[in-house]
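Presented below is the structure to which this report refers.
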Amino acid sequence: MSLYWYADNGISFEAGDRGGLSSLSGSSGQKSLAIITFSHQYGSRGETVAREVAHRLGFILVTPAKVEEIIRERYQLDYSLSGQAGDASHDNHTSKIFANLISAVMADMAVLNDLVTLECGGQFIFRSFPNALHVRVIAPRDIRIHNVMRDSGGTFDQALHEMDNQDRRHARFLRSSFRRLSETPERYDLLINTGTIGVDNCVELVLATVRIKRLSEYGMVSSETTERAKLRNQIRLLRALTRLSIEKSGSLTQFAHPSELVFARLLDFYGIRWQYEPRTFLLRFDEEGNIAEAFSPDFYLPDSDLYVELTTMKQSLVTKKNRKVKHLRELYPDIKIRLLYQKDFEDLIFKYTAKGPSEA
């Protein structure tokens with residue numbers, strides 16, 4: 001079965017049984033997914049095109065304001081996708097955290113609805129999604145200024161200032177959050193110019209491309225795949241929120257590493273009982289009988305009698321922990337212990353939620 005996984009600020013499609021997608025059409029408990037991402041130059045009428053496409057297809061339209069509203073209501077955080085900070089700083093580290101949060105919020109919607117995204121970084125977040133169409137709308141500078149003048153009722157100089165300011169703010173948002181700019185034409189399947197083609201014809205071009213790519217017929221995704229995608233998204237959300245809370249409070253409480261706090265919050269969220277470093281295992285003694293090496297696994301899950309040790313991405317530490325786990329198994333063969341990479345969080349949580357602790 002093919003599954004979705006979340007990369008840095010993006011969703012990729014795992015290689016696997018691609019044919020299985022199309023073969024699932026019509027099965028119960030499964031739904032199709034399609035994404036159309038829009039990027040546009042301010043004043044090009046790209047927003048009008050996106051709204052009409054969403055209306056004609058019956059897709060959910062996701063705007064920066066909608067994403068900001070979800071982040072504010074769910075997580076009590078203020079962050080602007082227009083490049084202007086609210087209560088949150090836009091330094092590089094914080095912007096990357098919020099980029100993960102934005103990606104997670106949008107991915108959460110994507111596993112439940114067909115979407116049209118407008119200037120939310122969707123071209124980066126869904127860049128490897130196989131059932132996506134990426135569109136950029138442009139127009140000559142003089143036409144853009146004229147459109148802004150007509151919308152705002154202002155002068156030429158006022159419209160020019162507003163257009164340049166909006167362009168700078170959005171470029172700043174993309175650069176700080178996704179480390180990329182939107183102008184690169186290779187990012188898009190369709191690049192259209194409303195100045196020469198017109199808004200109505202641009203809408204028809206997008207709809208024709210949707211038919212050519214057969215987005216509505218690409219296939220179906222199983223309910224298990226959807227649940228796994230939602231779980232991965234929950235993990236990503238918790239990671240982003242945990243990093244933010246650590247930055248604000250400057251404390252990890254009882255934990256030695258942020259990943260341990262994330263894991264504990266995941267266990268709490270899914271109602272899995274845990275203990276933190278409850279036991280130390282003696283591994284090696286020196287010639288005088290003194291303790292030379294000991295090992296305290298990070299977590300103990302009493303409902304399955306399982307010890308869990310979390311790893312980091314630093315290879316030297318991973319090698320050291322692998323050696324300790326192997327030595328512990330040799331000395332204590334009755335002890336169940338599992339070494340987890342961050343990507344393994346999902347498998348453990350999914351096993352618990354699918355079968356229940358007594359069967360895990």
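Taking segment 130-178 as the range and being over 30 Å from Thr209 (Cβ atoms) and either part of a loop (DSSP other than H, G, I, E, B) or not assigned by TED's automatic domain parsing to the domain that holds Tyr188 (or both) as the test, the residues that pass are Gly153, Gly154, Thr155.
Looking only at residues in segment 179-195 that are assigned to a helix (DSSP H, G or I) and in contact (Cβ under 8 Å) with a residue 40 or more places away in the chain, which one is nearest to the chain's Cα centre (by Cα)? For segment 179-195, the residue satisfying everything is Arg187.
This table checks each residue for (1) under 30 Å from Leu261 (Cβ atoms); (2) modelled with pLDDT under 65; (3) basic (Lys, Arg).
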{"position": "Asp189", "(1), (2), (3)": "no, no, no"}
{"position": "Thr194", "(1), (2), (3)": "no, no, no"}
{"position": "Gly198", "(1), (2), (3)": "no, no, no"}
{"position": "Leu205", "(1), (2), (3)": "no, no, no"}
{"position": "Val210", "(1), (2), (3)": "no, no, no"}
{"position": "Tyr218", "(1), (2), (3)": "no, yes, no"}
{"position": "Leu231", "(1), (2), (3)": "yes, no, no"}
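Of all residues in segment 301-314, one or more are farther than 29 Å from Leu33 by Cβ, at pLDDT below 70, in contact with a His (Cβ under 9 Å, 6 or more places away or on another chain) and not in a helix (DSSP H, G or I). Taking segment 42-74 as the search range and keeping residues that are acidic (Asp, Glu) and either touching a Leu at 6+ places or on another chain (Cβ under 7 Å) or not in a helix (DSSP H, G or I) (or both), which one is surrounded by the most Cβ atoms within 10 Å (Cβ to Cβ)? In this case the residue turns out to be Glu68. If I ask for residues that are touching a helix residue (DSSP H, G or I) at 6+ places or on another chain (Cβ under 7 Å) and among the aromatic types (Phe, Trp, Tyr), which ones from segment 279-298 would you list? Passing the criteria: Phe281, Phe295. Does Phe350 count as at pLDDT below 85 and surrounded by 19 or more Cβ atoms within 10 Å (Cβ to Cβ)? No; evaluated as a whole, the condition is false for this residue.
For Phe281, indicate whether it is under 20 Å from Ala256 (Cβ atoms), at pLDDT 90 or above and surrounded by 15 or more Cβ atoms within 10 Å (Cβ to Cβ).
Yes: the conditions hold for Phe281.
The values are calculated or read from the model by the stated rules, or taken from the named source; none is laboratory data. The shown structure was predicted, so the numbers you read here are calculated from the model rather than taken from an experiment. Don't worry about glycine lacking a Cβ; one is built from the backbone with ideal geometry, like all the others, and counts go over all protein chains shown.
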